[in-house]
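No value in this document is a laboratory result; all are computed from the given coordinates. Being a predicted model, the structure only gives us computed values, none of them experimental. Neighbour counts run over all protein chains shown; Cβ positions are idealised from the backbone, glycine included.
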Amino acid sequence: MTHKTPLYDMHLQLNGSMVDFCGWELPIHYTSQLQEHQFVRQAAGMFDVSHMNVVDLKGQDSKKFLEYLLANDINKLTFEGQALYSCLLNEKGGVIDDLIVYWIAADHYRLVLNAATHDKDMAWINHHANQFHLTIQEQPNLAMIAVQGPKAIALFQQATRLSVEDLKPFSGRFEKTNWIARTGYTGEDGLEIILPANDAPVLWQKLLKVGVRPCGLGARDTLRLEAGMNLYGHDMNETTLPYEAGLAWTVACKNDREFIGKTALLMAKAKGIQYKFIGLLLEKGGVLREGQKVIDDSGREGIITSGSFSPTLNCSIALAKVPDTMSGQLSVDRRGKLLSVKVVEPPFVRNGKVVYKENSNV
């Protein structure tokens with residue numbers, strides 16, 4: 001049985017093409033995925049992300065618990081409202097999930113986790129919380145809308161009469177019952193609004209009236225890929241170390257803080273990380289897809305973890321996990337035909353601009 005978000009009826013009214021996504025009925029697109037993608041890059045689009053798992057942690061040990069639970073250091077948060085991106089690791093250093101944590105106030109933190117990993121995330125969090133003094137409360141009665149694009153802030157303000165342009169990137173605050181954060185998953189400026197489920201259709205309608213375009217999962221995926229943002233279950237999983245998925249920057253190992261997976265990560269670094277994460281660009285000849293092999297001149301093989309056509313670059317791009325020893329000219333095996341690809345450093349696109357750098361060292 002699939003779940004429906006509080007915006008389900010809105011999607012049907014707008015002729016959304018509905019699909020089952022991690023047990024939720026969500027729109028893959030409304031009209032043209034390409035147009036929805038370009039609208040976010042050029043103006044403002046909105047996404048129903050109410051399927052995400054919002055969890056509040058409260059209590060005297062909330063911070064202490066997150067110091068132990070997360071690979072990134074919660075002490076990097078220096079003011080209330082600030083956000084931190086981190087991975088949730090197992091004892092072997094593999095990624096259970098990636099998430100955003102907000103410091104709401106005093107001993108109150110809010111996690112936003114993926115829908116596909118809900119059950120294992122909550123089992124893991126609750127298991128390790130037993131030795132700490134805090135409460136863990138899921139928030140199924142909340143909805144979440146992402147408004148993204150260069151005009152997102154201005155149009156949101158026009159629709160709601162709220163002033164949010166002073167919000168710093170990667171931070172948020174409450175406006176009455178709505179948590180409004182300057183975060184997103186598209187590589188553009190914008191907001192993610194967590195609000196009571198009953199209020200979500202009202203906000204959706206207000207945004208529609210000022211010209212914010214509804215966008216589906218398809219555009220969300222090509223936007224995040226252009227932005228070089230990982231997708232859990234594709235670019236990383238429980239057998240992937242953060243170092244192998246371009247997420248070394250989310251790991252804080254240098255101080256004395258102990259966290260789950262730290263010992264395994266330190267051992268892996270001492271032995272030498274076996275894989276690296278790269279970007280690929282195919283200027284002509286087809287579309288790069290997840291699961292295709294990446295091969296160098298010496299026969300070493302890697303694999304594409306995410307790949308698609310890039311509407312902004314007008315060619316195919318991909319993220320790939322390859323052996324650390326891989327070098328020279330790389331090719332992708334597309335149904336038995338080797339296609340030469342250019343190695344680049346993601347992100348490919350940020351804030352509407354092409355920003356990738358060629359990587360001659362692979």
Checking the cross-link filter: which lysines have an alpha carbon closer than 23 Å to that of LYS151, excluding same-chain neighbours under 8 positions apart?
LYS168, LYS206, LYS209, LYS353
Only bridges with both residues in the chain count here: give the DSSP antiparallel percent, nearest 5.
95 percent
Packing-based order for 62-75, 156-169, 4-17, using average beta carbon neighbours within 10 Å, highest first:
62-75, 4-17, 156-169
May I ask for the net charge around ALA106, where only other residues with Cβ less than 15 Å from the Cβ of ALA106 are counted and Lys, Arg are +1 while Asp, Glu are -1?
+1
Too-long pairs where the Cα-Cα distance tops 18 Å, listed order kept, from LYS276/LYS357; LYS4/LYS120; LYS254/LYS321
LYS4/LYS120; LYS254/LYS321
What number results when the radius of gyration of segment 38-189, computed over Cα atoms, is divided by 2.2 N^0.38 Å?
1.08
In bins 5 Å wide, starting from 0, what share of all Cα pairs of segment 308-362 does each bin hold, as a percent?
4, 16, 26, 26, 17, 9, 2, 0
Here, trypsin sites (Lys or Arg not before Pro) of segment 174-242 satisfying both criteria (DSSP loop; at most 15 other Cβ within 10 Å) are LYS176
Once the dipole of segment 94-192 is set up from charges on Cβ (+1 Lys and Arg, -1 Asp and Glu), the residue from the list ILE125, ILE153, GLY94 lying farthest towards its positive end is ILE153
Express in whole angstrom the spacing between the alpha-carbon centres of segment 11-39 and segment 288-362.
28 Å
State the three equivalent ellipsoid semi-axes of the chain, derived from the C-alpha gyration tensor as the square roots of 5 times its eigenvalues, in descending order and whole Å.
32, 28, 17
Only Cα pairs within less than 10 Å get springs; with that Gaussian network setup on the chain, which residue of SER298, SER50, SER86 has the largest fluctuation?
SER298
How big is segment 36-123 in terms of Cα radius of gyration and Dmax, in angstroms?
14.9, 46
